[in-house]
Amino acid sequence: MSGFSRRGLLVGSGGLLLSGCDRITTSPTARSLLSLGEKASRSAQRLVAGNSLAPEFSAADISPVFRVNGNTRPTAAAYLAQVERGFADWRLTVDGLVAKPMAFSLAQLRALPQRTQITRHDCVEGWSAIAQWTGVPLALLLHGAGALPQARYAVFHCADDFSGKPYYESIDLAEALHPQTILAHTMNGQPLSVGHGAPLRLRVERQLGYKQAKYVMRVELVASLTGLYGGKGGYWEDHSGYQWWAGI
Ligand SMILES: Nc1nc2c(c(=O)[nH]1)N[C@H]1C(S)=C(S)[C@@H](COP(=O)(O)O)O[C@H]1N2
Ligand SMILES: [Mo]
């Protein structure tokens, strides 16, 4: 699978189209040009991000307190029943544009090769904290399931919601295959607490806090984000105008 080489260098004059006449956006042609512009700027952002690594820290840098934020305890009955059972029959589903949809128990995920990294989490609300995360590289799961050539984004479906609107997030395949992108089950050497996203959360270390999806139940590969929920690729992107590209 070649998430890197398939990415065309579609950088052009897209930005020039974004000067401010509201009427222009009602014309279908202008709208498709604008979305081309957005694609162009995503490609430019991807060019800048390249394959760089987020900074990693030493054990001495780990924050004594790492606050919990957003949802801290999903209310769905099925999730709470899993908590009761210690996630014994919990499964992570990997599906969508894959050759072979798969489901993994926590024990299976822990038995795969693991990565541990000490990184800084930056929330747009203005706080940061450093922690050590251990989990499975997402690339391993995507290679295992066999991402199809049409797959362009990985979508993370979570167990929680805000007023009935599910939390979800998405990243492009280059970010999904990045070595520091892991599905973490362990934080500072302990199983993830419910507050921090038990039993499994995304760590995508070059991106802001809201991309770090907690309570991940399902990873779905898709060709486009437009058909999902509000179409902008994430809960905050749909409801609060946060940028889909949250590179630090
Ligand atoms: N499922 C889910 N993931 C989520 C959130 C959430 O409310 N639900 N909040 C996000 C935000 S804004 C931040 S800053 C981090 C907070 O992670 P923490 O609770 O481990 O500090 O989780 C992110 N991932
Ligand atoms: Mo955040």
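The values are calculated or read from the model by the stated rules, or taken from the named source; none is laboratory data. The model shown is predicted, which means the values in this text are computed figures rather than measured ones. Glycine gets a Cβ as well: all are built from the backbone with ideal geometry, and neighbour counts include every protein chain shown. The protein model used for the area step is the full one, side chains on, heavy atoms only, and it has no ligands, DNA or RNA in it. Shrake-Rupley method; radii C 1.70, N 1.55, O 1.52, S 1.80 Å.
Brief remarks on what is shown
- Where a residue in the range 58-74 is over 20 Å from GLY126 (Cβ atoms) and its partner, wherever it lies, is of a type in the set (D, E, K, R) and within 16 Å of ligand 2 (Cβ to nearest atom), with Cβ under 6 Å and at least six apart: PRO74/ASP160
- Filter result (open to solvent by less than 80 Å² (accessible area, probe 1.4 Å), farther than 30 Å from LYS232 by Cα and not aliphatic (A, V, I, L, M)) within the range 42-71: PHE57, SER58, ASP61, SER63
- Residue list for the range 203-245, filter: touching a Leu at 6+ places or on another chain (Cβ under 6 Å) and near ligand 1 (Cβ under 10 Å from one of its atoms): GLN212, ALA213, VAL216
- Taken together, the residues in the range 206-219 that are surrounded by fewer than 22 Cβ atoms within 10 Å (Cβ to Cβ) and in a loop (DSSP other than H, G, I, E, B) amount to 2.
- Criterion applied to ILE182, ILE171, ILE248 was being within 14 Å of ligand 1 (Cβ to nearest atom) and buried (at least 23 other Cβ atoms within 10 Å of the Cβ), and the one residue passing it is ILE171.
- Answer from ARG115, ARG152, ARG203 - the residue that is surrounded by fewer than 20 Cβ atoms within 10 Å (Cβ to Cβ) and in contact (Cβ under 8 Å) with a residue 24 or more places away in the chain: ARG115
- Every condition in (1) in contact with a strand residue (DSSP E or B) (Cβ under 9 Å, 6 or more places away or on another chain); (2) open to solvent by 20 Å² or more (accessible area, probe 1.4 Å); (3) within 13 Å of ligand 1 (Cβ to nearest atom) is met by VAL194 except one, and the failing one is (1).
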